[in-house]
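Asks: Handing you a structure now.
The values are calculated or read from the model by the stated rules, or taken from the named source; none is laboratory data. Keep in mind that this is a model prediction, so the values were computed, not measured. Neighbour counts run over all protein chains shown; Cβ positions are idealised from the backbone, glycine included. Please note that ligands, DNA and RNA were not included when accessible areas were found on the heavy atoms of the full protein model with its side chains. Shrake-Rupley method; radii C 1.70, N 1.55, O 1.52, S 1.80 Å.
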Amino acid sequence: MRRAGLAALLTVVGGAWAARAPSAQLSLRPSFGGAVLEGRIVAGPADELTGVWSGGGRARLLKCTPRCAVVPTIPVPGALLVGTGTPYRVAVSGAFRTGQRVKLALRFKDMQVLNVDAVVSRP
């Protein structure tokens with residue numbers, strides 16, 4: 001009986017942990033001096049994006065309402081859309097070619113790191 005209860009508890013806890021694991025579907029759109037990250041980032045309801053890194057170094061996290069300014073974190077209220085027309089943007093420095101695959105590391109508030117590949121789309 002105790003083993004069954006423990007197994008059920010571990011299943012529930014494991015399911016909750018899996019639901020909190022961040023995920024992302026991202027691409028890069030070339031812009032002046034680099035590229036802007038575009039896509040969707042999914043994380044826990046009270047999580048924050050604290051940094052993004054590529055082979056060119058650390059990307060800049062921006063809040064663009066009404067003007068773009070560098071911020072230390074970007075709130076991720078469950079799901080976050082980033083791109084050229086969104087309030088929050090991520091600017092990655094470097095020279096990119098259409099079709100190139102770029103490895104990115106996204107770090108969240110609870111120190112979780114998500115590694116993703118982003119394909120450079122047409123400008």
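Asks: Going through 107, 97, 60, 67 one at a time, which residue ends up being closer than 17 Å to residue 23 by Cβ and basic (Lys, Arg)? Explain how you work it out, then say what you get.
Replies: Numbers: 97 fails: closer than 17 Å to residue 23 by Cβ; 60 fails: closer than 17 Å to residue 23 by Cβ; 67 fails: closer than 17 Å to residue 23 by Cβ.
None of the others qualify; the one that does is 107.
Asks: Something else: Does at least one position in the range 25-39 carry a residue that is out of contact with any Pro (no Cβ under 7 Å at 6 or more places or on another chain), over 22 Å from residue 103 (Cβ atoms) and of a type outside the set (A, V, I, L, M)?
Replies: Within the range 25-39, the subset out of contact with any Pro (no Cβ under 7 Å at 6 or more places or on another chain) is 25-28, 31-39.
In the following step, the residues that additionally are over 22 Å from residue 103 (Cβ atoms) were identified as 32.
Cutting the leftovers down to of a type outside the set (A, V, I, L, M) gives us 32.
Checking the range 25-39: at least one residue is out of contact with any Pro (no Cβ under 7 Å at 6 or more places or on another chain), over 22 Å from residue 103 (Cβ atoms) and of a type outside the set (A, V, I, L, M).
Asks: Go through the range 77-90 and report how many residues are in contact (Cβ under 8 Å) with a residue 40 or more places away in the chain and surrounded by 13 or more Cβ atoms within 10 Å (Cβ to Cβ).
Replies: So the count comes out to 5.
Asks: Go through the range 105-123 and give me each residue that's farther than 14 Å from residue 34 by Cα and either of a type outside the set (Val, Ile, Thr) or buried (at least 17 other Cβ atoms within 10 Å of the Cβ) (or both).
Replies: Pass one, the range 105-123, residues farther than 14 Å from residue 34 by Cα: 105-117.
Hits for the range 105-123 are 105, 106, 107, 108, 109, 110, 111, 112, 114, 115, 116, 117.
Asks: Tell me, please, whether a residue that is open to solvent by 20 Å² or more (accessible area, probe 1.4 Å), touching a Leu at 6+ places or on another chain (Cβ under 8 Å) and assigned to a loop (DSSP other than H, G, I, E, B) can be found in the range 31-45.
Replies: Looking for residues that are open to solvent by 20 Å² or more (accessible area, probe 1.4 Å), touching a Leu at 6+ places or on another chain (Cβ under 8 Å) and assigned to a loop (DSSP other than H, G, I, E, B), one finds none in the range 31-45, hence no.
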